Amino acid sequence: MIPFESAVERHGATVLRVCRAVLGPLEAEDAWAETFLAALSSYDDLPEGTNLEAWLVTVAHRKAIDVRRAEQRRAVPSAELPEHGRHDPDPTAHDPVYDALRALPPKQRQAVAYHHLGGLSHREVAEILGGTEAAARRACADGITTLRRTLR
Amino acid sequence: MSTTDDLLSTIGRDDDPATMARLHARLEESRDVDVAYRVVDSPLGDLLVATTERGVVRVGFESVGHDAVLDELGRDLSPRVLRAPRRLDDAARQLAEYFGGERERFDLRLDTRLAHGFRLEVVEHLREIGYGETASYAQVAELAGRPRAIRAVGTACARNPLPVVLPCHRVVRSDGTPGQYAGGPAAKRYLLDLESAGA
C-alpha cells in the first residue's frame, strides 16, 4: 500500500470534485475531511491491490450521506439563517457546471459524479446506489443529457 | 466520451492549493496518523524528518530520495504516513539550531525501531561520541562489543535511520579521512567542519 500521504496527493482532488458535485458547496469540505479521516483509520487493514480511488469514492458516497443528514438535523429546529463564513468561500459556489450538477435528481447526480468524476464503472455505481448496472448506466446518460441541455 | 469530458472539464480547475492545504490540515490532527513527517531545509539540502508516537524515527537525505524514504516508512512501520509538520516543530527547531552552530546535542525522544540487532547496538553507541570529536570504525566496533566487526560498523553507519541526530558522521577512517556517508562524502565533511568550528 502506498503511504497515505501519497493517496491524499493522488486522489484528494478527485474526491473533492465528487463531494462538491453531490453536496452543496459548504458541506463538500466536511464530507471530504470525513472521507479521508475514515480512510486513514482503516488504511492499514486495506487488502493489497485495492483500487484506492474507487474505494475512496465509495467512502465519500457514505460520508456525503452522513454530512447531508447532519446538516438537515441542524437545519430543522432552527429558523436561523445558514451560517455563512464558516468556511472560506468555495470557488464552486457559483460555478455553472456544479450548479447544473446539483440541480439533477439525486440518483442522476450521484451516478454522474461517481462515474464521470470519480471514475467508478457503471457496475460499481450500481453497487453503491442499489439497482442494476443498466439502471446506473441510464441514470448517467439521462444526467449527462440534462447537463448538456442546461449548459448549452 | 470526449463531449462529456468537455462538459465536465471546467470542474478539474477548482482544486487550488489553498483549498487542498486547508483540507489537508484537517487530517493532520488525527490520532490515526502512525508516522508524521515534514521536510526541513538544511545546508545539506532538504531533510525529511519523521516521527512516531514514540519519537523521531527517521531522518532522510534528499540524495536518498524522499519518496523512497516514505515508501520505506510505509512498508516497515505503517502505511498511515502523513505530512504533519507541526508534530515535528521541536525536531525542526533543534535541527536549525544545530546547523546554526548553536546546539551541540539533540534533546529529542527517539524511536530506533528501524535499526535491528548489531546495527541497533552500533547506532545506540554513536551518542557516546561527543560534538566535535571523531571515532574510527574500529573504535566503534569496540564500543559495540564486537571489536572485529569493523565492516559491519560501516554498514550500520551507512544505514543509520537517524543520521545527524545519531552522529554517524563522527565515525571516520583510521587514517582520519571522512569515509562514506549516506548523505554523500561532502555532507560528512560539512558536518565535521561545522562541529570543529564550534567545539
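Readers should treat all values here as calculations from the given coordinates under stated rules, not as data from a laboratory. In this text the structure is predicted, and so the values were computed from the model without any measurement. Here the Cβ positions follow ideal geometry from the backbone for every residue, glycine too, while neighbour counts run over all protein chains shown.
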Sum -39500 (n - 2.57) across every DSSP H segment of at least 4 residues in chain B, then divide by the residue count to get the 222 nm mean residue ellipticity, nearest 500. -12000 deg cm²/dmol
Placing unit charges on C-beta atoms (Lys and Arg positive, Asp and Glu negative, everything else neutral), compute the dipole magnitude of the protein assembly as shown about its Cα centre in debye, rounded to 20. 640
Per-residue mean of other chain beta-carbon atoms within 10 angstrom of the beta-carbon, peptide B:75-82? 6
With a 10 Å cut-off between alpha carbons and a GNM built on chain B, which of B:GLU102, B:GLU28, B:GLU121 moves the most? B:GLU102
Average other protein chain Cβ within 10 Å of Cβ, residues A:36-44: 5
For the protein assembly as shown, list the cysteines whose Cβ sits under 4.7 Å from no other cysteine Cβ? A:CYS19, A:CYS140
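Let me make sure I get this right: for segment A:4-151, a, b and c are the square roots of the gyration tensor eigenvalues over alpha carbons, sorted descending. Under 1.5 in a/c it's rounded, otherwise prolate if a/b > b/c, else oblate. Which is it?
In terms of gyration-tensor shape, oblate.
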Does segment B:16-99 come out rounded, prolate or oblate, given a ≥ b ≥ c as the square roots of the eigenvalues of its C-alpha gyration tensor, rounded meaning a/c under 1.5 and, failing that, prolate meaning a/b above b/c? rounded
Here the whole-number average of other chain Cβ atoms within 10 Å per Cβ of B:19-27 is 6
When chain A is treated as a Gaussian network with springs between alpha carbons less than 10 Å apart, the largest mean-square fluctuation among A:ARG109, A:ARG73, A:ARG137 is found at A:ARG73
In degrees between 0 and 90, to the nearest 10, how far off the longest principal axis of chain B does helix B:185-198 point, with axes built from Cα atoms? 70
Could you tell me the calculated FRET efficiency between B:ARG86 and A:ASP99, based on Cβ-Cβ distance and R0 = 51 angstrom, to the nearest 0.05? 0.85
